[in-house]
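Note sheet for the following structure.
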Amino acid sequence: MEIVAKPAELLALHSVTTELFSTLQEWFTVPTSVTIDLAAIDSDEAIREMTDPIMIMAFAMRKLQALNLLARPGVRTSTDTVVAMVQDITRALLQAPTMRLRLAAETTDWDAAFAGLDDTDDVSHIEQTEGPAVDDADPATERFNELHEQLHVAMYAVVEASDGEIKYLE
């Protein structure tokens, strides 16, 4: 198989994958080590793991580690491997911002949060400031989406560098 040079966009993924990895770690409090159930093909625990947001993000983080490795200079890979890796990661990354909010809402002790509020009848002590509007964009989510887009930029650069064929990249 023909060998082509890795495009600059692929080589630039080191900082992108690193930041995405850190963001997922922070947003989902993914432990530094996870255990997966391989007891049986239809294990109830395996099914739970594959629907658990923390495990979904742990798997995405593992793929980011692999993509980080493949994007390094001197590490041989192939166009199809890069395309498959980005495709695998994309599903989790598309869901991550919404999953983050859903997980936060599910794990919040709302009784304690409401109990901690001051008496709403006496608001004279509260400084009136204008906060963010409901439809304002979240800067963290915007940054996350920008980084995610860079994975696709790199993938398209790989496809272009290989003329749409499966080739080794080095």
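Can you tell me which residue is farthest from residue 58 (Cα to Cα) among those in region 73-84 that are crowded, with 20+ Cβ neighbours inside 10 Å and out of contact with any strand residue (DSSP E or B) (no Cβ under 6 Å at 6 or more places or on another chain)?
Across region 73-84, the extreme among qualifying residues is 79.
The set of residues in region 46-59 that are touching a Phe, Trp or Tyr at 6+ places or on another chain (Cβ under 9 Å), aliphatic (A, V, I, L, M) and either modelled with pLDDT of 95 or more or part of a helix (DSSP H, G or I) (or both) comprises 54, 56, 57, 58.
Residue 91 fulfils the conditions (1) surrounded by fewer than 20 Cβ atoms within 10 Å (Cβ to Cβ); (2) at pLDDT 95 or above except for a single criterion, (2).
Taking region 1-43, which residues are of a type in the set (Asp, Glu) and either surrounded by 15 or more Cβ atoms within 10 Å (Cβ to Cβ) or closer than 17 Å to residue 96 by Cβ (or both)?
Matches in region 1-43: 9, 19, 26.
When residues in region 44-61 are screened for being within 19 Å of residue 87 (Cα to Cα) and surrounded by fewer than 15 Cβ atoms within 10 Å (Cβ to Cβ), 2 of them pass. Can we say residue 130 is at pLDDT below 95, more than 23 Å from residue 37 (Cα to Cα) and not in a helix (DSSP H, G or I)? For residue 130, the condition - at pLDDT below 95, more than 23 Å from residue 37 (Cα to Cα) and not in a helix (DSSP H, G or I) - is met.
Here's the yes/no breakdown for (1) part of a helix (DSSP H, G or I); (2) under 12 Å from the mean Cα position of the chain (by Cα); (3) more than 30 Å from residue 164 (Cβ to Cβ); (4) not basic (Lys, Arg):
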{"position": "27", "(1), (2), (3), (4)": "yes, yes, yes, yes"}
{"position": "64", "(1), (2), (3), (4)": "yes, yes, no, yes"}
{"position": "84", "(1), (2), (3), (4)": "yes, no, no, yes"}
{"position": "95", "(1), (2), (3), (4)": "yes, yes, no, yes"}
{"position": "114", "(1), (2), (3), (4)": "yes, no, yes, yes"}
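For residue 105, the conditions (1) touching a residue at least 60 places away in the same chain (Cβ under 8 Å); (2) over 24 Å from residue 170 (Cα atoms); (3) among the small types (Gly, Ala, Ser) are fulfilled apart from (1).
The values are calculated or read from the model by the stated rules, or taken from the named source; none is laboratory data. None of these values were measured; they are calculated from a predicted model. Positions of Cβ are backbone-derived with ideal geometry, glycine not excepted, and every protein chain shown enters the neighbour counts.
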